[in-house]
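**Student:** Handing you a structure now.
The values are calculated or read from the model by the stated rules, or taken from the named source; none is laboratory data. Model, not experiment: these values are computed from the prediction. Here the Cβ positions follow ideal geometry from the backbone for every residue, glycine too, while neighbour counts run over all protein chains shown.
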Amino acid sequence: MLIVAKIVLGFLVGTLIGMTGVGGGVLLLPILIFALHVPPIVGVGSDALFNFLTKLGSGYVHLRKGTVRKKLVAGLAMGSIPGSLLGVGLLRSLRLAYGNGVNTFITTTVGILLILVPTLMMFQSQIEERISQRPPTMKSMIGVGAIGLLAGFLVGMTSVGSGSIIMMLLLLFYSFSPKVMVGTDIVHAVVLTGVTSLLHFRMGNVDLPLVSLLVIGSIPGGVLGSHLSTRMPLPWLRRLLCAVLLATGARMLWA
């Protein structure tokens, strides 16, 4: 029965990702910690691998369609890969120094991010609308690398940030069409979560059977969510999802 429940959970998360475009990190990780009682550090590694596997297909599609700016992906990766190494390295050091205390650190950090990310999401459409009125720009790759470094560090520590945070920060530097921004963000997320999940796997922080069951459910869920996204009132769904994430973040901070 527990096996079926994990597959259903993957299906529900995949459906929400397909419908709203919200990253799997902010959706799945709190469920792993609170509902399945997975140790936070194992939840981070497992969630990173889940995100990597679920975004492989969509990343490939965007590459085939030409909606990816490869130089931008490379610039982000130049910062995010070292950032991920730093984030995972910090967790390793904290675990060596404080043992299970590292899980408290992760829970607090994720709680902060679960308040920050929904807040950004609520203002994303207004920001995109204003930025869409300016001509396309392509600013310093140093700034893009800095965005990658910050995002990589956060993903290494929490598995959260490979999607929404990078997207919001990229809007400060670029004004490509939405589909190009999304495609570029997804392909970079594949690179970042792939590296991060490998690092966590080497530390023993990945529950492979759990990830396998979640992915079995998430693949058809993502397909269904993509179809439902054109048939449901997404603004209201995103607002509801933001409210749930904010409440979850507060719960993690004041647990």
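**Student:** For residues that are over 19 Å from the mean Cα position of the chain (by Cα) and among the hydrophobic types (A, V, I, L, M, F, W, C), scanning just region 217-233, find the one that is modelled with the highest pLDDT.
**Tutor:** Leu224
**Student:** Considering region 32-45 alone, what residues qualify as being within 27 Å of Arg239 (Cα to Cα) and surrounded by 20 or more Cβ atoms within 10 Å (Cβ to Cβ)?
**Tutor:** Scanning region 32-45 gives Leu32, Ile33, Pro40, Gly43, Val44.
**Student:** Moving on to the next point. Specify which of the listed residues (Leu72, Leu76, Leu29) is surrounded by 15 or more Cβ atoms within 10 Å (Cβ to Cβ), touching a Pro at 6+ places or on another chain (Cβ under 9 Å), in a helix (DSSP H, G or I) and in contact (Cβ under 8 Å) with a residue 40 or more places away in the chain.
**Tutor:** Leu29
**Student:** Something else about it: If you check Val110, Val88, which single one turns out to be under 20 Å from Ser46 (Cβ atoms), at pLDDT below 90, touching a Ser or Thr at 6+ places or on another chain (Cβ under 8 Å) and surrounded by 22 or more Cβ atoms within 10 Å (Cβ to Cβ)?
**Tutor:** So the residue among Val110, Val88 that is under 20 Å from Ser46 (Cβ atoms), at pLDDT below 90, touching a Ser or Thr at 6+ places or on another chain (Cβ under 8 Å) and surrounded by 22 or more Cβ atoms within 10 Å (Cβ to Cβ) is Val110.
**Student:** I would also like to ask the following. Just need a number here: residues in region 36-55 that are out of contact with any helix residue (DSSP H, G or I) (no Cβ under 7 Å at 6 or more places or on another chain) and either β-branched (Val, Ile, Thr) or without any contact (Cβ under 8 Å) to a residue 24 or more places away in the chain (or both).
**Tutor:** 2
**Student:** To continue, here is another question. Is region 34-53 home to any residue that is part of a loop (DSSP other than H, G, I, E, B) and farther than 27 Å from Asn205 by Cα? Write out each step before concluding.
**Tutor:** So the first thing to find is which residues in region 34-53 are part of a loop (DSSP other than H, G, I, E, B), and the list is 35-39.
Still in the running and farther than 27 Å from Asn205 by Cα: none.
No - not one qualifying residue is present in region 34-53.
**Student:** Ok, one more. Determine whether Leu96 is within 28 Å of Gly221 (Cβ to Cβ) and either part of a helix (DSSP H, G or I) or not aliphatic (A, V, I, L, M) (or both). Reasoning before the result, please.
**Tutor:** Working: within 28 Å of Gly221 (Cβ to Cβ): no; either part of a helix (DSSP H, G or I) or not aliphatic (A, V, I, L, M) (or both): yes.
Taking the combined requirement at face value, the residue does not satisfy it.
**Student:** I'd like to verify a number: residues in region 33-52 that are within 19 Å of Ile81 (Cα to Cα) and touching a Gly at 6+ places or on another chain (Cβ under 9 Å), how many?
**Tutor:** 8
**Student:** Here is a list of conditions, (1) of a type outside the set (S, T, N, Q); (2) buried (at least 23 other Cβ atoms within 10 Å of the Cβ); (3) within 30 Å of Leu240 (Cβ to Cβ), and Gly83 meets all of them except one; can you say which number that is?
**Tutor:** Among (1) of a type outside the set (S, T, N, Q); (2) buried (at least 23 other Cβ atoms within 10 Å of the Cβ); (3) within 30 Å of Leu240 (Cβ to Cβ), the lone unmet condition for Gly83 is (3).
**Student:** Give the residues of region 91-105 that are surrounded by 17 or more Cβ atoms within 10 Å (Cβ to Cβ) and among the hydrophobic types (A, V, I, L, M, F, W, C), sorted by residue number.
**Tutor:** Across region 91-105, the qualifying residues are Leu91, Leu94, Val102, Phe105.
**Student:** Ok, one more. Taking the condition in contact (Cβ under 8 Å) with a residue 60 or more places away in the chain, surrounded by 20 or more Cβ atoms within 10 Å (Cβ to Cβ) and polar (S, T, N, Q), does Ser58 pass?
**Tutor:** The answer is no for Ser58.
**Student:** Still on this structure, please answer the following. Just to be sure before I move on: is Ile81 within 27 Å of Arg239 (Cβ to Cβ), of a type in the set (Val, Ile, Thr) and either touching a residue at least 24 places away in the same chain (Cβ under 8 Å) or part of a helix (DSSP H, G or I) (or both) in the structure I sent?
**Tutor:** Answer is no for this residue.
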